[in-house]
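The values are calculated or read from the model by the stated rules, or taken from the named source; none is laboratory data. Not measured: the values here are computed from a predicted model. Quick reminder, even Gly has a Cβ in these numbers, built from the backbone with ideal geometry, and neighbours come from all protein chains shown. Remember, those area values only see protein heavy atoms, side chains included, never the ligands or the DNA or RNA. Shrake-Rupley method; radii C 1.70, N 1.55, O 1.52, S 1.80 Å.
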Amino acid sequence: MQRPEAWPRPHPGEGASAAQAGGAAPPARATEMRFQEPSLYTIKAVFILDNDGQRLLAKYYDDTFPSTKEQMVFEKNVFNKTSRAESEIAFLGGMTIVYKSSIDLLLYVVGSSSENELMLMSVLACLFDSLSHILRKNVERRWLLENMDGAFLVLDEIVDGGVILESDPQQVIQKVNFRTDDVGLTEQSVAQVLQSAKEQIKWSLLK
């Protein structure tokens with residue numbers, strides 16, 4: 001009778017290593033998963049509504065509400081839940097929402113249900129204080145609409161892609177001023193180049 005082939009034998013010490021590797025693998029994967037759970041992407045959305053619930057400014061940072069229609073429905077539900085409430089925090093659809101009213105505006109910051117409420121509040125406070133500075137303490141619909149570019153610059157300095165970049169309004173204002181100064185210098189430089197070109201053409205024609 002032909003003897004069946006034996007399975008290849010491991011080299012000395014290989015079996016122990018394999019057993020150790022096999023035994024250690026599940027905990028390693030579990031540990032890796034535990035470390036991956038926390039995320040920097042803590043902000044789902046930031047939006048500002050007027051006292052009629054109409055959107056004035058909004059940015060969404062994930063695909064929870066992928067279409068504009070879904071975003072508007074969500075904003076309406078949030079407005080209905082918060083416009084007459086006296087608290088500054090609400091829970092809706094598995095999300096934590098912090099908000100603040102100012103004259104005829106409502107400012108909202110949205111995070112997941114597991115998000116730190118104090119962190120969300122710090123973002124909201126930074127947004128309000130920064131807007132108050134650029135709007136010269138007139139945080140209301142009229143002045144916001146007239147300074148929408150500045151408002152978006154402020155928001156981009158606070159949150160980028162859902163990641164909280166800054167929660168100090170003074171730092172935000174400095175960065176916004178630096179960016180607007182750069183734009184001003186660029187525009188001035190272009191104007192100077194065009195003026196110089198015009199003068200050169202003028203002198204060439206006079207010759």
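For the range 126-144, taking the residues that are assigned to a helix (DSSP H, G or I) and in contact with a strand residue (DSSP E or B) (Cβ under 7 Å, 6 or more places away or on another chain), the one that is most open to solvent (accessible area, probe 1.4 Å) is identified as 141.
Among the conditions (1) part of a helix (DSSP H, G or I); (2) modelled with pLDDT of 50 or more; (3) of a type outside the set (Phe, Trp, Tyr); (4) more than 19 Å from residue 127 (Cβ to Cβ), residue 27 misses just one, which is (2). Filter the range 74-89 down to the residues that are open to solvent by less than 50 Å² (accessible area, probe 1.4 Å) and in contact with a Phe, Trp or Tyr (Cβ under 7 Å, 6 or more places away or on another chain), then identify the one that is farthest from residue 126 (Cα to Cα). Per the stated criteria, the residue is 74.
Could you please give the count of residues in the range 54-73 that are open to solvent by less than 90 Å² (accessible area, probe 1.4 Å) and part of a helix (DSSP H, G or I)? Residues that pass the stated criteria total 5. Only a single criterion out of (1) of a type in the set (S, T, N, Q); (2) surrounded by fewer than 17 Cβ atoms within 10 Å (Cβ to Cβ); (3) not in a helix (DSSP H, G or I) is not satisfied by residue 96, namely (2). Considering only residues in the range 152-177 that are in a strand (DSSP E or B) and not acidic (Asp, Glu), the one that is surrounded by the fewest Cβ atoms within 10 Å (Cβ to Cβ) turns out to be 163.
Table: residues versus (1) open to solvent by 60 Å² or more (accessible area, probe 1.4 Å); (2) within 18 Å of residue 96 (Cα to Cα); (3) modelled with pLDDT under 95; (4) among the hydrophobic types (A, V, I, L, M, F, W, C).
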{"residue": "117", "(1), (2), (3), (4)": "yes, yes, yes, no"}
{"residue": "124", "(1), (2), (3), (4)": "no, yes, no, yes"}
{"residue": "150", "(1), (2), (3), (4)": "no, no, yes, no"}
{"residue": "179", "(1), (2), (3), (4)": "yes, no, yes, no"}
